[in-house]
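The values are calculated or read from the model by the stated rules, or taken from the named source; none is laboratory data. A quick note: this is a predicted structure, and the numbers were derived from the prediction, not measured. Note: ideal-geometry Cβ built from the backbone for every residue, glycine included; neighbour counts use all protein chains shown. Ligands, DNA and RNA are excluded from the accessible area calculation, which covers all protein heavy atoms including side chains. Shrake-Rupley method; radii C 1.70, N 1.55, O 1.52, S 1.80 Å.
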Amino acid sequence: MEPEEYCRLILASAPQRTEETIPTMSGHGRIAAEDVIADSPIPGFATSAMDGFALDESALTSARTGAEVDVSGDIPAGARPVDITPGTAVRVMTGAQVPATAEVVVPVEYTDAERTGPAPDRIRISSWPKGARPGWNIRAVGEDTGSGDTVITAGEVINSAGVGTLAMMGRETIRVRRSLTIGLIVTGDELVTDSATSSQPFIHNSNLPMLSSAIAAAGAIPVERSCGDDPAVFRQIVDELRDSVDLIITTGGISAGAFEVVRQELGDDHSTFLRLSMRPGGPQGHGRIAGVPLLHFPGTPTGAFLSFHLFARSVIAARPLASRWRKAVYTGPEITGHSTAVSLVPGRFTAGGEIAAFDRSRLRDFAGAEVIIRVPRAPEAIRHGEVITVLDC
């Protein structure tokens, strides 16, 4: 089974997403649960795009002859506007409301006025740039956003600009998808967190901190557990978590050996185990217990890392893997695919914006990677200059 087909299978039993309303300032990184529609234009009044002088039509005509123009008022940003006395100019600051009769705002640097200090009694336009048409440097009502515009779409991740847009609209709250709570169970008697307490041969537990941090980076809340290869202890942890989490992810214990705790405990009633056509990370499993979805990843750190980015992130975002791949241009020597499986190779951007591959696919290589390269199975290959498929990691 291809990874994309498997992802469609597990998405069918993805956790149900509820919603919550949060302050706008807390929205960064969250997934919008509503379309946000502007109920008024931005800006709501015509504003100056420059520090300068607003001229009406008569003053503009006079200024173009080289004549001096009287200055009849001053409008700092945030102050109430003043009307332009016909045939004169009003000094305006960036963001200030422009008088209704203004034709243009002439930047202060195009005049003989001082840039600071009190407004002058009169100005002369020292130069005129090409293209200075009516409306020059005046931001019209609704120039940024028109009333009725959709500024944030349900399902998209809110970034810092989105938070700023919401604030600019005066929105104090936003409805978002509630963050998933994910139980993470890392299995294996050989794994230890504190090597000082172990008298047996051991392997440092890298899966727990690696996947816990990945869960948090994906906008979910990790609940960490570790256990050995005792089926009873493993089942106790599963039963403990299932009442308080939206999804349970396990690592290890899914192969065909004698101590495969996850397969032994869940394989008969709750989970299905299979081998995908992908390398690394072929062994996979999925299921459900008491209504809570289960994802079972291999115990090898590289396999667990790739499984999370391909499958768990798809489940968290409720997006099929096929829609998450994007296109890039490959640079480097030819990479021939594996004879029976899709190969997943670490890659990074070059200075020219192309993608170069690492020589190997160890966890330490993925630590320096920016993307996961999808290499199709042999006899296909990826070659220098070709468009390839990559996934952010």
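Please state the equivalent ellipsoid semi-axes for segment 45-158: what are the square roots of 5 times the Cα gyration tensor eigenvalues, largest first, in whole Å?
Semi-axes (√(5λ), whole Å): 30, 14, 13.
Residues considered: 129, 293, 41. Largest GNM mean-square fluctuation over the chain, using C-alpha springs under 10 Å, is found at 129.
Per residue, segment 247-393 exposes an accessible area of 43 Å² to a 1.4 Å probe, with every protein chain left in place.
Ellipsoid semi-axes for the chain, based on the Cα gyration tensor and the rule √(5λ), read 61, 25, 18 Å when sorted largest first.
Full extension from residue 256 to residue 172: what is 0.36 nm times the residue separation minus their Cα-Cα distance, to one decimal in nm?
24.8 nm
Just the protein heavy atoms count here, and of the accessible area of segment 254-393 at 1.4 Å, carbon and sulfur take up 49 percent.
Between the beta carbons of residue 58 and residue 384, assuming R0 = 56 Å, the FRET efficiency works out to 0.30 to the nearest 0.05. Which of 35, 246, 112 moves the most in a Gaussian network model of the chain with Cα springs under 10 Å? Of the options given, 112 has the highest mean-square fluctuation. Axis angle, to the nearest 10 degrees, between helix 231-241 and the longest C-alpha principal axis of the chain: 30 degrees.
Please report the net charge: other residues with Cβ closer than 11 Å to the Cβ of residue 323, K and R +1, D and E -1. In short, +3.
In whole angstrom, how far apart do the alpha carbon centroids of segment 83-120 and segment 254-277 sit? Segment 83-120 and segment 254-277 have Cα centres separated by 75 Å.
When each of the peptides 16-29, 355-368, 87-100 is scored by the mean number of other C-beta atoms lying within 10 Å of its residues, the order from highest to lowest reads 87-100, 355-368, 16-29. Taken over segment 281-361, the alpha-carbon convex hull comes to 124 cubic angstrom per residue. In the context of the full set of protein chains, residues of segment 73-156 present 57 Å² of accessible surface per residue (probe radius 1.4 Å, heavy atoms only). Using the alpha carbons alone, the radius of gyration of segment 331-393 stands to its Kirkwood radius in an Rg to Rh ratio of 0.94.
With a cut-off of 11 Å between beta carbons, the residues surrounding residue 392 carry a summed charge of +2, where Lys and Arg count +1 and Asp and Glu -1. Excluding residue 270 itself, calculate the net charge of residues whose Cβ lies under 12 Å from the Cβ of residue 270, where each Lys or Arg counts +1 and each Asp or Glu counts -1. Net of charged neighbours comes to 0.
As a ratio to 2.2 N^0.38 Å, the alpha-carbon radius of gyration for segment 221-297 is 1.04. Is segment 1-65 rounded, prolate or oblate when judged by the Cα gyration tensor, a ≥ b ≥ c being the square roots of its eigenvalues, rounded requiring a/c under 1.5 and prolate requiring a/b larger than b/c? Prolate, since a/c reaches 1.5 and a/b exceeds b/c.
If you plug the beta carbon distance of residue 264 and residue 203 into 1/(1 + (r/R0)^6) with R0 = 22 Å, you get a FRET efficiency near 0.60. Please tell me the relative contact order of segment 229-283 in percent, rounded to the nearest whole number, where contacts are Cα pairs under 8 Å and at least six residues apart. Once normalised by length, the contact order is 30 percent.
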